[in-house]
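Asker: Submitted below is the structure of interest, expressed as structure tokens.
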Amino acid sequence: MPEFRGRDGTRLAYSVMASETDYQGQGQGHGQGGEEPLLCIPGGPMRASAYLGDLGGLSERRRLVMLDLRGTGGSDRPVDPATYRCDRQVDDVEALRRHLGLERVDLLAHSAGGDLAILYAVAHPYRVRSLVLVAGRARALGVDFTVEHRREAAALRKGEPWFEAGRDAFEAVWAGSASEAEWGAVVPFFYGRWDAAARAHAAREVAETNEQAAELYASPEAFAPAAAREVVAGLEARVLVLAGELDGGPLPRVAAEIAGMFPKGTAVAQPGAGHFPWLDDPRWFTETVAGFLERRAGAAGD
């Protein structure tokens, strides 16, 4: 895997995915000979970027640079565990931008990675050309996903054969008393279709996640929502917040709330999708995200 160094010297890794016509083995992924890279920040929190796959075929439309956050995937664990905090990892995203030699970047972040992407945009607003938040969390802006949100989304799955067991298990999770089996029973709620592909995807989560880092990632000290909202209120970047119709984190209406905090924010809800929408309908996902990224500046009021 290509690699670079964080400010503190930690070795960080990333992978590059692109169509054969766009990407001919240029290991450093410097944006030569095709579209500029789309920098992809994984969620989890702190899950190796492998779970993103090729984002439903998005690599056929954009060159994907998939960052393994420190301590995950091919990236080394840092000497100081405090640097797992997402605001501390903003420097890693900036180091990657510099490494790739890009003046401005297009960012895509999934789930908890949304907080890191937002914090990067707050710290480096003039470096961000566009931002795509896929089921993105926005604690950085003071928006969180509540138990009530989760219950509302869960109720949409009443017709599923696993619903009854999953609902009871979810109640145990919310009560803080869930067993390992009950944690497993709630997993289908996060997928639009609980099929073989979803089961295989879910089965890799534990092995791909740095649990110690996950506990530190979203420490309350990482966030200053009022200050962040003040910065994003003037952000020039175009922003897409994509939510799954069946997902509780965020609900589509909460995604619209997040998008509304950005001057050029747009929210969309993918029909029938859960928390990993590129698995549920790859074509819909790819067409929506690629279409957003390919819009010319100045179009549609931008």
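What follows draws every value from the coordinates through simple rules; no lab data is involved. A quick note: this is a predicted structure, and the numbers were derived from the prediction, not measured. In this analysis, Cβ positions are derived from the backbone assuming ideal geometry, glycine residues included, and neighbour counts consider all displayed protein chains.
Asker: Dividing the alpha-carbon radius of gyration of the chain by 2.2 N^0.38 Å (N being the number of residues), what value is obtained?
Answerer: 0.95
Asker: How tilted is helix 90-100 with respect to the longest principal axis of the chain? Cα atoms for both, answer in degrees (0 to 90, nearest 10).
Answerer: 50 degrees
Asker: A further question on this structure: Using a/c under 1.5 as the rounded threshold, could you call the stretch 46-147 rounded, prolate or oblate? The axes a ≥ b ≥ c are square roots of the C-alpha gyration tensor eigenvalues, and prolate needs a/b larger than b/c, oblate otherwise.
Answerer: In terms of gyration-tensor shape, rounded.
Asker: Please give the length that would be gained between GLU230 and GLU211 if that part of the chain were fully extended, namely 0.36 nm times their separation in residues minus their C-alpha to C-alpha distance (nm, one decimal). Kindly include the intermediate steps, with their values, before the conclusion.
Answerer: On the way: separation 19, 0.36 × 19 = 6.84 nm, distance 3.23 nm.
In short, 3.6 nm is gained.
Asker: Mind checking which of PRO37, ALA175, ALA198 is farthest towards the positive end of the chain's charge dipole, using Cβ charges of +1 (Lys, Arg) and -1 (Asp, Glu) about the Cα centre?
Answerer: With unit charges placed on the Cβ atoms, the residue in question is PRO37.
Asker: If I build a Gaussian network model for the chain, linking alpha-carbon pairs within less than 10 angstrom, which residue out of PHE262, PHE163, PHE276 has the largest mean-square fluctuation?
Answerer: Between PHE262, PHE163, PHE276, it is PHE163 that shows the largest mean-square fluctuation.
Asker: Filter the GluC sites (Glu not before Pro) in the stretch 84-150 down to the DSSP loop ones having no more than 15 other Cβ atoms within 10 Å, then list what survives. Don't skip to the answer; put the middle values down first.
Answerer: Values: sites: GLU94, GLU103, GLU148; in loops: GLU103.
Listed in order of number, the matching sites are GLU103.
Asker: For the stretch 163-214, what Kirkwood radius comes out of the mean inverse Cα-Cα distance, in Å?
Answerer: Values: mean 1/r = 0.0841 Å⁻¹.
Its Kirkwood hydrodynamic radius stands at 11.9 Å.
Asker: Give me the one-decimal nm value for the distance between modelled label points at ARG11 and VAL173, 7 Å along each residue's Cα-to-Cβ direction.
Answerer: For the pair ARG11/VAL173, the computed spacing is 3.6 nm.
Asker: Once you have a ≥ b ≥ c as the square roots of the Cα gyration tensor eigenvalues for the stretch 210-287, tell me rounded if a/c is under 1.5, and otherwise prolate or oblate according to whether a/b is larger than b/c.
Answerer: Verdict is oblate for the stretch 210-287.
Asker: Note down the nm distance, to one decimal, between modelled labels 7 Å out along Cα→Cβ at TRP183 and at GLU3.
Answerer: 3.0 nm
Asker: Name the residues of the stretch 201-215 whose amide N is less than 16 Å from a point 7 angstrom out from the Cα of ARG77 along the C-beta direction?
Answerer: Backbone N within reach: 207-215.
Asker: Points 7 angstrom from Cα along the Cβ direction at THR266 and ALA155: gap in nanometres?
Answerer: Rounded to a tenth, the inter-label distance reads 3.1 nm.
Asker: If exposed trypsin sites (Lys or Arg not before Pro) are those in a DSSP loop with at most 10 other Cβ within 10 Å, what is the longest stretch of the chain that has none?
Answerer: On the way: sites that count: LYS158, ARG296.
Answer - 1-157.
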